[in-house]
Amino acid sequence: MTVNSFTTLSLSPPLVSFSVQQSARIRKLIEVCGGFVVNILAAEQAELARWFADRDRPTGADSFTGVDTADVPSTGGIRLAGTIGHFTCRTVQLIDAGDHTIVIGSVMDCASRDRAPQLLFADGKFHALGHPPQ
């Protein structure tokens, strides 16, 4: 799935969060698998973000047909190739809030691989955030 709001919650222990609509098909997978990967997309990966935001895309492994992947961490989820970074997480808490579930994950691994401009979604459009400080 594509999320539009991902945040760090704590540095000690390292925790992150995002929310998912309770009716989303991935919500149950996050609970059952016990882990997930957050891929931080580069500006040129907007089409990939659109693909994973599309509710009509195929489910399961078929949703990754034609998508370059890096590996599958032991916590579940898939790391995508060409991203600028990732967080591999173990699910520690799911909190129902209205029609969404807040997912809290403990960061097991994270890395930054590229200094390319980041993909940003604002005002209903994708934008390149620019180069991070050197």
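Quick notes on this structure:
- Breaking point among (1) exposed (fewer than 13 other Cβ atoms within 10 Å of the Cβ); (2) within 15 Å of LEU120 (Cβ to Cβ), for VAL3: (1)
- Some residue of the range 64-77 being within 16 Å of MET1 (Cα to Cα), touching a Phe, Trp or Tyr at 6+ places or on another chain (Cβ under 9 Å) and either among the acidic types (Asp, Glu) or at pLDDT 90 or above (or both): no
- Evaluated against (1) open to solvent by less than 50 Å² (accessible area, probe 1.4 Å); (2) farther than 24 Å from ALA61 by Cα; (3) outside any strand (DSSP E or B), THR83 falls short on exactly one condition, (2).
- Odd one out for ARG90, checked against (1) in a loop (DSSP other than H, G, I, E, B); (2) among the charged types (D, E, K, R); (3) surrounded by 15 or more Cβ atoms within 10 Å (Cβ to Cβ): (1)
- Tally, over the range 97-120, of residues that are among the hydrophobic types (A, V, I, L, M, F, W, C) and in contact with a Cys (Cβ under 7 Å, 6 or more places away or on another chain): 2
- Scanning the range 27-63 for residues that are open to solvent by 90 Å² or more (accessible area, probe 1.4 Å), assigned to a helix (DSSP H, G or I), farther than 18 Å from HIS100 by Cα and not basic (Lys, Arg) yields GLU44, GLU47, ASP62.
- Meets criteria (open to solvent by 90 Å² or more (accessible area, probe 1.4 Å) and not aromatic (Phe, Trp, Tyr)) for SER23: yes
- Here CYS110 qualifies as open to solvent by 30 Å² or more (accessible area, probe 1.4 Å) and more than 27 Å from GLY124 (Cα to Cα).
- Residues in the range 1-26 that are in contact (Cβ under 8 Å) with a residue 60 or more places away in the chain and in a loop (DSSP other than H, G, I, E, B): ASN4, PRO13, GLN22, SER23.
The values are calculated or read from the model by the stated rules, or taken from the named source; none is laboratory data. Everything numeric in this text was worked out from a predicted model, so none of it was measured. With ideal geometry, Cβ positions are generated from the backbone for all residues, glycine too; neighbour counts draw on all protein chains shown. For accessibility, only protein heavy atoms count, side chains too; no ligands or nucleic acids. Shrake-Rupley method; radii C 1.70, N 1.55, O 1.52, S 1.80 Å.
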